[in-house]
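The values are calculated or read from the model by the stated rules, or taken from the named source; none is laboratory data. As the structure is a prediction and not an experimental result, all values here were calculated from the model. Neighbour counts run over all protein chains shown; Cβ positions are idealised from the backbone, glycine included. These area figures cover heavy atoms from the full protein model, side chains too; ligands, DNA and RNA do not enter into them. Shrake-Rupley method; radii C 1.70, N 1.55, O 1.52, S 1.80 Å.
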Amino acid sequence: MRSARTLARAVCATAVLGTTVALGTGPVSAAPAATTASCAYPYVCIQRISDGVIIGRFQDVTSGYQDLPSRPSNVTIINTRHDDVAYIRYANGSKACVAPNSTLGISGYVLTGIRISSSATCS
(Lines give C-alpha, C1' and ligand atoms only; values in the text may rest on other atoms or scores of the structure.)
Protein backbone atom coordinates (compact mmCIF):
# COMPACT_ATOMS: atom_id res chain seq x y z
CA MET A 1 0.00 0.00 0.00
CA ARG A 2 1.39 3.39 -0.92
CA SER A 3 1.66 6.14 1.64
CA ALA A 4 -0.01 9.48 0.93
CA ARG A 5 3.46 10.98 0.40
CA THR A 6 4.41 8.37 -2.19
CA LEU A 7 1.05 8.63 -3.94
CA ALA A 8 1.32 12.43 -4.07
CA ARG A 9 4.74 12.12 -5.69
CA ALA A 10 3.44 9.63 -8.21
CA VAL A 11 0.81 12.04 -9.51
CA CYS A 12 2.94 15.20 -9.56
CA ALA A 13 3.75 16.56 -13.00
CA THR A 14 7.37 16.74 -14.02
CA ALA A 15 8.66 19.85 -15.71
CA VAL A 16 11.43 18.54 -17.88
CA LEU A 17 13.80 20.86 -19.67
CA GLY A 18 16.10 17.94 -20.35
CA THR A 19 19.81 17.76 -20.75
CA THR A 20 22.54 15.57 -21.90
CA VAL A 21 25.84 17.00 -20.88
CA ALA A 22 29.56 16.61 -21.28
CA LEU A 23 30.39 15.84 -17.67
CA GLY A 24 32.67 14.40 -15.01
CA THR A 25 31.85 14.08 -11.38
CA GLY A 26 33.06 16.50 -8.78
CA PRO A 27 32.65 16.28 -5.02
CA VAL A 28 29.15 16.01 -3.59
CA SER A 29 28.33 18.72 -1.08
CA ALA A 30 25.42 20.26 0.77
CA ALA A 31 23.46 22.54 -1.52
CA PRO A 32 24.42 26.13 -0.73
CA ALA A 33 21.54 28.54 -0.09
CA ALA A 34 22.44 30.70 -3.11
CA THR A 35 22.30 27.68 -5.41
CA THR A 36 19.05 26.24 -4.09
CA ALA A 37 17.31 29.63 -4.35
CA SER A 38 17.02 29.04 -8.11
CA CYS A 39 15.99 25.39 -7.66
CA ALA A 40 13.08 25.20 -5.25
CA TYR A 41 12.04 22.18 -3.19
CA PRO A 42 11.01 19.48 -4.18
CA TYR A 43 12.98 19.56 -7.44
CA VAL A 44 16.20 18.03 -8.68
CA CYS A 45 17.64 20.56 -11.11
CA ILE A 46 20.37 20.65 -13.70
CA GLN A 47 22.11 24.02 -13.71
CA ARG A 48 24.69 25.33 -16.19
CA ILE A 49 27.84 26.29 -14.31
CA SER A 50 28.72 29.09 -16.75
CA ASP A 51 25.68 31.27 -16.10
CA GLY A 52 23.63 29.55 -13.37
CA VAL A 53 20.65 28.94 -15.67
CA ILE A 54 18.45 25.96 -14.74
CA ILE A 55 18.21 23.78 -17.86
CA GLY A 56 16.38 20.81 -16.34
CA ARG A 57 13.91 20.42 -13.48
CA PHE A 58 12.61 17.04 -12.25
CA GLN A 59 10.11 16.21 -9.50
CA ASP A 60 8.67 12.72 -9.96
CA VAL A 61 9.94 9.58 -8.26
CA THR A 62 10.29 7.07 -11.10
CA SER A 63 11.22 3.41 -11.41
CA GLY A 64 13.32 4.05 -14.51
CA TYR A 65 15.51 6.78 -15.89
CA GLN A 66 14.07 9.83 -17.62
CA ASP A 67 16.04 10.39 -20.84
CA LEU A 68 17.66 13.78 -21.35
CA PRO A 69 17.38 15.13 -24.91
CA SER A 70 19.94 17.97 -25.04
CA ARG A 71 23.74 18.02 -24.49
CA PRO A 72 24.94 21.03 -22.45
CA SER A 73 28.32 20.84 -20.76
CA ASN A 74 29.59 21.75 -17.31
CA VAL A 75 26.57 21.43 -15.05
CA THR A 76 25.69 21.07 -11.40
CA ILE A 77 22.99 18.66 -10.25
CA ILE A 78 21.05 20.20 -7.35
CA ASN A 79 18.94 17.88 -5.20
CA THR A 80 16.68 20.00 -2.98
CA ARG A 81 14.64 16.99 -1.84
CA HIS A 82 14.86 16.27 1.88
CA ASP A 83 14.65 12.46 1.81
CA ASP A 84 15.06 11.26 -1.79
CA VAL A 85 18.21 10.57 -3.78
CA ALA A 86 18.74 11.32 -7.48
CA TYR A 87 20.65 8.92 -9.72
CA ILE A 88 22.48 10.29 -12.76
CA ARG A 89 23.21 8.02 -15.75
CA TYR A 90 26.17 8.57 -18.07
CA ALA A 91 26.53 7.49 -21.72
CA ASN A 92 29.30 5.05 -20.73
CA GLY A 93 26.84 3.17 -18.50
CA SER A 94 28.15 4.40 -15.15
CA LYS A 95 25.91 6.05 -12.60
CA ALA A 96 26.29 8.59 -9.82
CA CYS A 97 24.05 9.33 -6.86
CA VAL A 98 23.21 12.74 -5.41
CA ALA A 99 22.13 12.54 -1.77
CA PRO A 100 19.22 14.60 -0.41
CA ASN A 101 19.99 18.32 0.03
CA SER A 102 23.24 18.00 -1.95
CA THR A 103 24.85 19.10 -5.18
CA LEU A 104 27.13 17.34 -7.66
CA GLY A 105 29.33 19.17 -10.16
CA ILE A 106 29.79 17.32 -13.45
CA SER A 107 32.20 17.86 -16.38
CA GLY A 108 33.86 15.56 -18.90
CA TYR A 109 31.11 12.92 -19.37
CA VAL A 110 27.85 12.73 -21.32
CA LEU A 111 24.79 12.65 -19.08
CA THR A 112 21.91 10.60 -20.53
CA GLY A 113 19.32 10.22 -17.78
CA ILE A 114 18.08 11.04 -14.30
CA ARG A 115 15.98 9.06 -11.83
CA ILE A 116 14.64 10.22 -8.47
CA SER A 117 14.35 7.41 -5.95
CA SER A 118 12.39 7.43 -2.69
CA SER A 119 15.47 6.00 -0.96
CA ALA A 120 16.98 8.39 1.59
CA THR A 121 20.54 7.12 1.03
CA CYS A 122 22.69 6.27 -1.97
CA SER A 123 23.27 2.55 -2.38
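For Val110, the amide hydrogen comes within under 5 Å of the amide hydrogens of Leu23, Ala91, Asn92, counting only partners 5 or more places away or on other chains and with H modelled in the peptide plane.
A cut-off of 5 Å between modelled amide H atoms, ignoring neighbours fewer than 5 places along the same chain, links Arg57 with Leu17, Ile46. The string of couplings for the range 43-49 from the Karplus curve (6.51, -1.76, 1.60, θ = phi - 60°) is 8, 10, 10, 10, 10, 5, 5 Hz, one whole number per residue in order, with x for Gly and Pro. Take the Cα radius of gyration of the range 58-123 and divide it by 2.2 N^0.38 Å, N being the number of residues; the result is 1.03. Amide hydrogen proximity for Val75: with H placed 1.01 Å from N in the peptide plane, the residues at 5 or more positions away or on another chain lying under 5 Å are Ile49, Ile106. Solvent-accessible area per residue in the range 62-104 equals 41 Å², computed with a 1.4 angstrom probe and all protein chains kept.
Taking a point 7 Å out from the Cα of Val110 in the direction of its Cβ, the residues of the range 53-72 whose backbone N falls within less than 17 Å of it are 66-72.
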